[in-house]
Every structure is written in C-alpha cells, then in structure tokens.
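S.K.: What follows is a structure written as structure tokens; I'll ask about it next.
The values are calculated or read from the model by the stated rules, or taken from the named source; none is laboratory data. From a predicted model like this one, the values you see are computed outputs, not experimental measurements. Note that each Cβ is placed from the backbone with ideal geometry, even for glycine, and that neighbours are counted across all protein chains shown.
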Ligand code: AMX
C-alpha cells in the first residue's frame with residue numbers, strides 16, 4: 001500500500017516533460033487550442049458580492065483569467081470574418097435520425113474522430129497517458145491533470161495538479177441536509193437517481209444562481225460558474241461514497257484526505273484505498289470517461305440546460321439523468337449483467353461456436369449487445385483499448401477478462417453479419433465492469449455513478465467556457481411532419 005503525501009505524489013519525469021510538450025504541441029495543428037508559455041500570474045479581479053468568498057486560492061482560475069480575454073477576442077474575430085460560412089447541410093433523415101452528424105455545437109474540450117477516437121485538447125488517450133502528470137510510482141493520468149487540460153488546453157505542471165488536488169479536497173464538505181437527503185433515500189432507488197437528487201440539492205449553495213439574481217455583470221458569469229463547478233467536482237466524491245456505503249456497506253464514509261489526490265479520495269470514500277492498483281484504475285477511469293465531445297446525451301444535456309443560465313448543479317444533474325439511460329452511460333451496468341448471464345450459461349466454454357450461438361440468440365430476440373456500437377465511432381474505442389491494456393498488465397488470467405477478450409474477437413464478426421449496426425466494435429462501456437469486479441467493486445448498479453463523476457469533469461470544463469464566451473440560450477428549430485412535407489415539396 002502506498003500512502004504518499006501530496007508534495008511527493010507527482011511523477012517528476014512527466015512533470016518535467018510537460019513544458020517540453022507545450023512547445024512541441026505548438027507546432028501541431030490545434031484547432032482552437034493555445035498552448036502558450038505560462039504567463040506570470042496577474043492578480044485576478046474578483047467580483048465581490050456579499051455571498052461570494054474567495055477563500056480558495058486557485059491557480060487554475062488565475063490561468064483561466066489570463067486565457068479568457070484572448071480567447072474572447074479570437075472567437076470574436078473568427079465570427080466576424082467567417083460568421084456566414086456554411087459548414088454543412090441537413091437531410092430529412094438527420095431530422096428523423098437523432099441529428100446524427102449535424103454540425104451544430106461548440107465543444108472545446110475534446111473532438112471525436114470516427115476512426116481514431118477521442119482527442120482531449122488534441123491529445124489522444126495514449127498521449128494523455130504519456131504526458132499528463134501521474135502519481136508517484138503510477139502511470140495513469142491524474143484526473144486533476146485531465147481537468148486542467150480540458151479547461152486550459154495546456155498540460156499542467158506537477159505543482160498545478162497538486163494545487164487542484166488540494167483545492168478539491170478543501171471544497172469537499174457536504175451540507176448536512178444533503179447527507180440527510182441521501183441517507184433518507186430508499187435502498188431501492190437507483191444510485192444514479194440518488195446522485196442526481198444530491199447534485200440538484202447542492203443548488204442551495206450555488207454562487208452562480210446568487211450572483212445572477214444579484215445582477216452581476218455577464219462578463220463575470222464564468223467566475224461563478226467556475227466556483228460552482230469546483231464545488232461540484234469536489235462534493236460529488238463524498239456524495240458517491242455515501243450512496244455506495246449506504247447501499248452496499250455499513251453506511252460509514254471515510255473522510256476526505258486533504259493531502260491526497262482525487263482518485264485516491266474516491267477510492268477511499270468507497271472503501272478501496274488500500275489497493276494501490278485499484279486507485280490507479282480509478283485515475284485512469286476518471287480521466288478517460290471525462291469527455292467525448294459535445295453531442296453525446298450527457299454532454300449535450302449539461303450544455304443545453306446551462307444555456308438557460310441554470311446553475312452548474314442543475315445542469316449537471318440533468319446531464320447525469322441522461323447518462324443514466326441504458327443506451328448511454330448505464331451501458332456499463334448492462335454490460336456486466338450481460339457478461340455474468342453469459343458466463344453462467346457458457347461456463348468455461350469460450351469457443352467461437354458457443355459464444356456465437358449465445359449472441360445470435362440475443363440478436364434474434366431483438367435485443368442489443370451492450371458495450372458494442374457507437375453513434376460516431378467506427379473503430380474500436382481507444383478508451384476500451386486503454387482499459388484492455390490495463391487488464392493485460394494486471395489481470396491477464398482473470399476468467400471474466402478472458403471472456404471480454406474473446407468477445408472482442410467474436411462480437412464484431414457476429415454484428416457485421418447481423419448487418420444492422422454501423423459500428424460492430426466495442427465502446428468504452430464494454431470493458432470497465434470486469435476491471436471493477438476484479439478489485440471487488442462488484443455492485444454493477446453503481447458503475448454509472450463512477451462514469452458520472454468522470455463526466456462531470458468534461459461537462460464542467462465546457463460550462464465554464466460557455467459562460468466565458470457568453471454563449472446564448474440554445475434554441476434549434478423543429479418542424480412537424482406536415483411542415484417538413486410542405487418544405488420538401490417546395491424544394
Ligand atoms: N447490438 C445490436 N444492435 C445494435 C447495436 C448493438 N450493440 N448497436 C446498434 N444496433 C442496431 C441499432 O439498434 C439500430 O437498429 P434499428 O435500425 O432496428 O433501430 C441499428 O443497429 C443502427 O444503429 P447504429 O446507427 O449503428 O447506432 P446508433 O447510432 O443508432 O446507436 C448506440 C448507437 C451506442 C446507442 C448503439 O450502438 C447501441 O445501442 N449500443 C449498445 C448500447 C451501448 O453500448 N451503449 C453505450 C454507448 C457508449 C456510451 O454512450 N457510453
């Protein structure tokens with residue numbers, strides 16, 4: 001077991017390379033991202049309404065205060081020069097088909113290529129693993145470093161990551177009524193519903209809502225969004241711990257450790273921090289599930305609700321409700337159910353013939369194979385591969401991993417023959433469950449909560465920029481079938 005104090009937990013080698021990375025990335029084609037030399041800190045002008053406390057020193061906020069004015073100018077100029085340029089067209093099938101591929105959203109944190117997979121601020125999953133600061137003796141990116149990257153487009157230094165760990169730990173205290181709210185939930189209420197309730201209840205202390213109603217300048221909205229976002233990211237950990245410990249353990253939640261990183265603290269509130277390998281898994285998990293561009297249900301919902309100037313708490317609760325759907329984040333729970341049932345049925349017989357027969361039975365019943373397919377991706381999800389690499393290193397002989405591995409060979413073939421899905425390859429949810437099971441986190445109804453904690457990082461990073469750029473309320477146009485028919489006739 002490794003219990004390291006915060007000043008020691010960074011991987012010095014990676015931290016040292018982060019500056020070099022910044023300069024090498026400069027030469028790459030970065031759509032919007034700037035990776036500048038760090039400017040010397042300028043004091044951040046804080047609006048000071050009575051309810052607003054600046055108790056938390058925040059290097060990330062200072063850095064944002066430097067980046068935002070430049071970015072505002074850049075976007076203003078870009079829109080002035082190209083505001084009327086056409087980026088695509090919309091077909092009738094797209095209107096009836098869930099708006100697939102319609103270029104309609106701004107999302108700064110990540111961009112998804114159908115074949116290559118996700119890039120977080122232009123870094124692939126592998127590059128993030130190589131370049132973002134990790135824990136001492138660890139290899140996986142710290143979620144703090146991923147958040148810094150998503151927000152700023154820069155690889156943070158070890159000190160910056162450390163400051164973020166400390167800030168999140170300092171903000172993690174829950175209001176008593178939120179603890180009571182969770183404690184009073186019936187144990188039949190799904191953990192995602194409990195999570196969403198608790199996050200909604202944090203609205204009580206929203207500085208964004210208070211600032212809005214006190215009439216602060218629109219130019220300062222991002223600062224209050226930032227404050228709420230940081231509180232939310234911090235408090236979602238003890239909330240998750242409380243839900244988990246109430247539902248599946250003794251109801252006792254370990255306190256947040258102020259000198260430990262985010263991944264450690266999450267493992268600790270769940271009761272698993274004595275296994276350093278599991279803590280590393282959580283760091284990887286929290287980093288790679290954080291963002292998957294803006295069109296997926298959870299990301300888009302958070303962004304949409306935030307556009308009405310609902311607070312980060314209300315926006316994220318809505319986002320989590322979307323994540324809780326079986327076609328989206330709940331798929332990781334569904335995958336494990338599916339694997340356990342399959343294992344029960346096939347035993348140790350992982351032959352092509354037996355697995356294919358099982359799969360065809362599912363498909364012939366009109367059911368889906370959870371963990372396979374994607375609305376955008378057309379190749380194996382690199383987030384799946386990152387988890388597979390982790391499994392190959394740490395649990396290569398685990399029978400459930402071996403089943404997942406065999407399915408990776410068999411399912412694409414079967415789905416291709418089935419001929420419906422546009423992407424027969426595994427997505428991120430196909431792998432996470434077996435890893436969590438291996439380390440003893442066996443309650444699959446809880447898995448989407450972990451996804452939700454991670455997704456909060458991506459949604460909050462964007463929400464800060466939404467308010468910094470003054471994006472308006474979202475309002476795409478809809479039509480009835482009758483009106484569409486008329487328009488098509490006319491066309
Ligand atoms: N098993 C069986 N059929 C599938 C399938 C799968 N894994 N994936 C897609 N199909 C079917 C669809 O249901 C659809 O059938 P229909 O024409 O009868 O309605 C057809 O193939 C075409 O679908 P598609 O265009 O390939 O996918 P989509 O963009 O409509 O949906 C997704 C994408 C992810 C919802 C779908 O692939 C699916 O249901 N996968 C299983 C659930 C899952 O793993 N979800 C998690 C995705 C990642 C995430 O958000 N966390």
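S.K.: Taking the stretch 386-428 on its own, how many of its residues are under 25 Å from the mean Cα position of the chain (by Cα) and more than 27 Å from residue 452 (Cα to Cα)?
M.R.: Of the residues in the stretch 386-428, 0 are under 25 Å from the mean Cα position of the chain (by Cα) and more than 27 Å from residue 452 (Cα to Cα).
S.K.: Taking the condition touching a helix residue (DSSP H, G or I) at 6+ places or on another chain (Cβ under 7 Å) and surrounded by fewer than 22 Cβ atoms within 10 Å (Cβ to Cβ), does residue 265 pass?
M.R.: On the way: touching a helix residue (DSSP H, G or I) at 6+ places or on another chain (Cβ under 7 Å): yes; surrounded by fewer than 22 Cβ atoms within 10 Å (Cβ to Cβ): no.
Criteria not met by residue 265.
S.K.: Inside the stretch 403-427, can you point out the residues that are more than 13 Å from the ligand (Cβ to nearest atom) and under 26 Å from residue 141 (Cα atoms)?
M.R.: 404, 405, 408
S.K.: Here's something else I'd like to know. Against the condition near the ligand (Cβ under 10 Å from one of its atoms), within 29 Å of residue 200 (Cα to Cα) and either assigned by the TED database to the domain that holds residue 251 or modelled with pLDDT under 95 (or both), how does residue 307 come out, does it pass?
M.R.: So residue 307 fails the test.
S.K.: Does any residue of the stretch 289-297 turn out to be in contact (Cβ under 8 Å) with a residue 24 or more places away in the chain and in a helix (DSSP H, G or I)?
M.R.: Looking only at the stretch 289-297, we keep the residues that are in contact (Cβ under 8 Å) with a residue 24 or more places away in the chain, and these are 289-297.
Pick out the ones that are also in a helix (DSSP H, G or I) and you get 297.
There is at least one residue in the stretch 289-297 that is in contact (Cβ under 8 Å) with a residue 24 or more places away in the chain and in a helix (DSSP H, G or I).
S.K.: For residue 124, indicate whether it is under 27 Å from residue 70 (Cα atoms), in the same structural domain as residue 305 (by the TED database) and crowded, with 18+ Cβ neighbours inside 10 Å. Before the answer, list the steps.
M.R.: Values: under 27 Å from residue 70 (Cα atoms): yes; in the same structural domain as residue 305 (by the TED database): yes; crowded, with 18+ Cβ neighbours inside 10 Å: no.
No, not satisfied.
S.K.: I'd like to check which helices (runs of 4 or more DSSP H) are fully inside the stretch 387-484 and have at least 3 residues that are more than 30 Å from residue 224 (Cβ to Cβ). Give the derivation first.
M.R.: Details: elements: 399-418, 429-438, 447-468.
It comes to 399-418, 429-438.
S.K.: Take residue 240 and tell me if it is free of Cβ contacts under 8 Å to residues at least 60 places away in the same chain, outside any loop (DSSP other than H, G, I, E, B) and surrounded by 23 or more Cβ atoms within 10 Å (Cβ to Cβ).
M.R.: Values: free of Cβ contacts under 8 Å to residues at least 60 places away in the same chain: no; outside any loop (DSSP other than H, G, I, E, B): yes; surrounded by 23 or more Cβ atoms within 10 Å (Cβ to Cβ): yes.
No; evaluated as a whole, the condition is false for this residue.
S.K.: Taking the stretch 336-384, which residues are surrounded by fewer than 19 Cβ atoms within 10 Å (Cβ to Cβ), within 11 Å of the ligand (Cβ to nearest atom) and closer than 21 Å to residue 437 by Cα?
M.R.: none
S.K.: Give the stretch 353-382 a look and list any residue that's free of Cβ contacts under 8 Å to residues at least 40 places away in the same chain and part of a helix (DSSP H, G or I), or say none.
M.R.: Passing the criteria: 353, 354, 357, 358, 361, 362, 364.
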